[in-house]
1. When both residues are 6+ apart or on different chains and their Cβ atoms are under 9 Å apart, which pairs have a first residue that lies in the range 108-126 and is basic (Lys, Arg), and a second that is open to solvent by 60 Å² or more (accessible area, probe 1.4 Å)?
2. Based on what the data block shows, is LYS230 charged (D, E, K, R) and outside the structural domain of ASP93 (by TED's automatic domain parsing)?
3. Any idea which residue in the range 105-114 is farthest from the ligand (Cβ to nearest atom), counting only those that are over 13 Å from VAL7 (Cα atoms) and open to solvent by less than 30 Å² (accessible area, probe 1.4 Å)?
4. For the range 126-180, name all the residues that are surrounded by 15 or more Cβ atoms within 10 Å (Cβ to Cβ) and assigned to a loop (DSSP other than H, G, I, E, B).
5. For the range 193-210, name all the residues that are open to solvent by 60 Å² or more (accessible area, probe 1.4 Å) and either touching a helix residue (DSSP H, G or I) at 6+ places or on another chain (Cβ under 7 Å) or not in a loop (DSSP other than H, G, I, E, B) (or both).
6. Looking at the range 185-204, I want the residues that are closer than 30 Å to SER168 by Cβ and have a partner that is at pLDDT below 95 and surrounded by fewer than 14 Cβ atoms within 10 Å (Cβ to Cβ) with Cβ atoms under 9 Å, at least 6 apart or on another chain. Which pairs are those?
7. Check the range 115-125 and report whether any residue there is open to solvent by 70 Å² or more (accessible area, probe 1.4 Å), within 18 Å of SER92 (Cβ to Cβ), modelled with pLDDT of 95 or more and part of a loop (DSSP other than H, G, I, E, B).
8. When only residues in the range 81-95 that are in a helix (DSSP H, G or I) and more than 7 Å from the ligand (Cβ to nearest atom) count, which is least open to solvent (accessible area, probe 1.4 Å)?
Amino acid sequence: MHIVACVKQTPKSDNVKIDPQTGCLIRSGTQSAMNPFDEFALEEAVTLKEQVGGKVSVITMGPPQAEAVLRDSIARGADEVFQLGDRALAGSDTWSTSYALSKGIEKINQLEHVDLIICGKQTNDSDTGHIGPQISAWLQIPNAAFVKKVVRVEKNSIVVERLTEDGSEVVELNFPCVISVVKEINKPRVRSVKGRMLAKRVPITVWTADDVQADKTKLGINYCPTRVVKSFVPKREVNAVAVEGANAKEKAAKLVALLKENKYI
Ligand SMILES: Cc1cc2nc3c(=O)[nH]c(=O)nc-3n(C[C@H](O)[C@H](O)[C@H](O)COP(=O)(O)OP(=O)(O)OC[C@H]3O[C@@H](n4cnc5c(N)ncnc54)[C@H](O)[C@@H]3O)c2cc1C
């Protein structure tokens, strides 16, 4: 089975700042690492490879320094790594990002048929959770989000349990398909010494938009359909009022009067 894991380099800190002028993340001065949910995506890919055989490829879209997450992926058990790195991709929104990734996956598929694509549930910077489902839409293949368990792998399909709002459900998806995983799915392993050594010297394939035959009018800040109109840190306001009273009855009466006064009831 050929599995492609999608990993993104994100800031290590949760305290991500946004440039108010451009609406983009301020990356300088922040330490980066593999997006936490992508550790689970990659771990599941490597575990499945160990169970049923095959190969794990990893793709990231990001600037030159994103190479670090690809080397880290090798240390964690991936076999081959690909980077989409092109100025034309800068400032892409989720629609453009998923389009570019789907073109990269198509190119990987041309090299060796892809069965399964695994994404994390979401990132810790932009946090949308769009990318997995959008990749499946671009590629017109099935998708399951919030996957907490791989129940079994069949010859032509995979059976997974996914979280729903009121519990979970078991679904079967024909290959090729996309799943996005939650952190309950596994416990990422510690990087092996052999893996770390290999990571240092592994060649990284870097592709431009042209290399993956992406339509440049779908890419980057000038073409993506969404615009960051304004970004700001919400002002913290504490307007709480403590309702005093001798007993619960008196406090309740004062509370009702206060709600009426402010036209809430
Ligand atoms: C108008 C606009 C402009 C933007 N400009 C910038 C910008 O200049 N710089 C910037 O850093 N961000 C920018 N963003 C944010 C950027 O679009 C998102 O970070 C990106 O599309 C991924 O979305 P997400 O982080 O919400 O991923 P999610 O959908 O939350 O991620 C889910 C999963 O998809 C996979 N995934 C997500 N992103 C990648 C990736 N790049 N490579 C591989 N796998 C991935 C991972 O497996 C991840 O766990 C912009 C957004 C908008 C709307």
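The values are calculated or read from the model by the stated rules, or taken from the named source; none is laboratory data. These figures come from a predicted structure and were not determined experimentally. Backbone-built Cβ (ideal geometry, glycine too); neighbour counts: all protein chains shown. When the accessible area is computed, the model is the full protein with side chains, heavy atoms only, and any ligands, DNA or RNA have been set aside. Shrake-Rupley method; radii C 1.70, N 1.55, O 1.52, S 1.80 Å.
1. Matching pairs, first to second residue: LYS121/PHE146; LYS121/LYS183.
2. For LYS230, the condition - charged (D, E, K, R) and outside the structural domain of ASP93 (by TED's automatic domain parsing) - is met.
3. First pass over the range 105-114, keeping only residues over 13 Å from VAL7 (Cα atoms): 106-114.
Of the ones still in play, those that are also open to solvent by less than 30 Å² (accessible area, probe 1.4 Å) are 108, 114.
On the way: ILE108: 12, VAL114: 15 Å.
Checked the range 105-114; the qualifying residue farthest from the ligand (Cβ to nearest atom) is VAL114.
4. SER126, GLY129, HIS130, ILE141, PRO142, PHE175, PRO176
5. Within the range 193-210, the subset open to solvent by 60 Å² or more (accessible area, probe 1.4 Å) is 193-194, 196-198, 200-201, 203, 206, 210.
Across the range 193-210, the qualifying residues are VAL193, LYS194, ARG196, MET197, LEU198, LYS200, ARG201, VAL206.
6. Final answer for the pair search is none.
7. We begin by selecting, within the range 115-125, every residue open to solvent by 70 Å² or more (accessible area, probe 1.4 Å); these are none.
Checked the range 115-125: no residue is open to solvent by 70 Å² or more (accessible area, probe 1.4 Å), within 18 Å of SER92 (Cβ to Cβ), modelled with pLDDT of 95 or more and part of a loop (DSSP other than H, G, I, E, B).
8. Selected residue: LEU89.
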